[in-house]
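What follows is a single structure, written as structure tokens, with notes after it.
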Amino acid sequence: MAANKFAAAVLIALATRAVAFDPRTTLDGVYTQEQAARGMEAYQRSCARCHQADLNGTGGAPPLHTVSFTERWREGYLSSLFHHIQTWMPPQNLKGSLKEQQYLDIVTHILAVSEYPAGPKELTMQDLDSVLLVEAGGPQPLPPAATVRAVGCLDRKSTRLNSSHIPLSR
């Protein structure tokens, strides 16, 4: 009985925290025009050969500003997009070869071409985990088959947090 009360209290606390946490989105002007201009230069040097100057993509290089791009990355933090680009681009033996700031600037160029508004402050590494990439209409429910990051859940046998799976029904 005590474990059930504790579990209920934890769930209420987590729900309250989730409601109270209102992350910034890509609609909030999270980069500057100057940063996006630097990103365009870095993009033209390192990305345009495969993704095209207009970000429309070609062959195996996907477009970086269309509905399919937004569907792939929306409702996720910019850190996911940044780390994907930093880890896998440019392709082959050049993966991860740019400076961290160049990758960050390229992300802002992608946002600018996707018509997300610029703002008064540059996007920083610290911002990446607190800015959601959303559609023009704002945050939406996750698309079908979306990949999500699970942080953990309560174990039925104890009150400690762990990452075991708990079925939703018996």
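The values are calculated or read from the model by the stated rules, or taken from the named source; none is laboratory data. Remember, predicted model here, so these are calculated numbers, not experimental data. Accessible surface is based on the protein model in full, side chains and every heavy atom, while ligands, DNA and RNA are left aside. Shrake-Rupley method; radii C 1.70, N 1.55, O 1.52, S 1.80 Å.
Ligands, DNA and RNA are left out, and with a 1.4 angstrom probe the accessible area of the stretch 24-110 is 51 Å² per residue.
One chain, two ends: GLN44 and ALA136. Fully extended at 0.36 nm per residue, the span grows by 30.6 nm beyond their Cα-Cα distance.
Please work out whether the stretch 16-143 counts as rounded, prolate or oblate from its C-alpha gyration tensor, where a ≥ b ≥ c are the square roots of the eigenvalues and a/c under 1.5 means rounded, while otherwise a/b larger than b/c means prolate and anything else oblate? Judged from the Cα gyration tensor, the stretch 16-143 comes out prolate (a/c at least 1.5, a/b above b/c). Close amide H pairs (under 5 Å, H built 1.01 Å from N) link GLU75 with LEU133, VAL134, GLU135, residues at least 5 positions away or on another chain. Proximity of backbone amide H atoms, modeled 1.01 Å from N, is registered between ARG24 and LEU132 at under 5 Å, excluding neighbours fewer than 5 places apart on the same chain.
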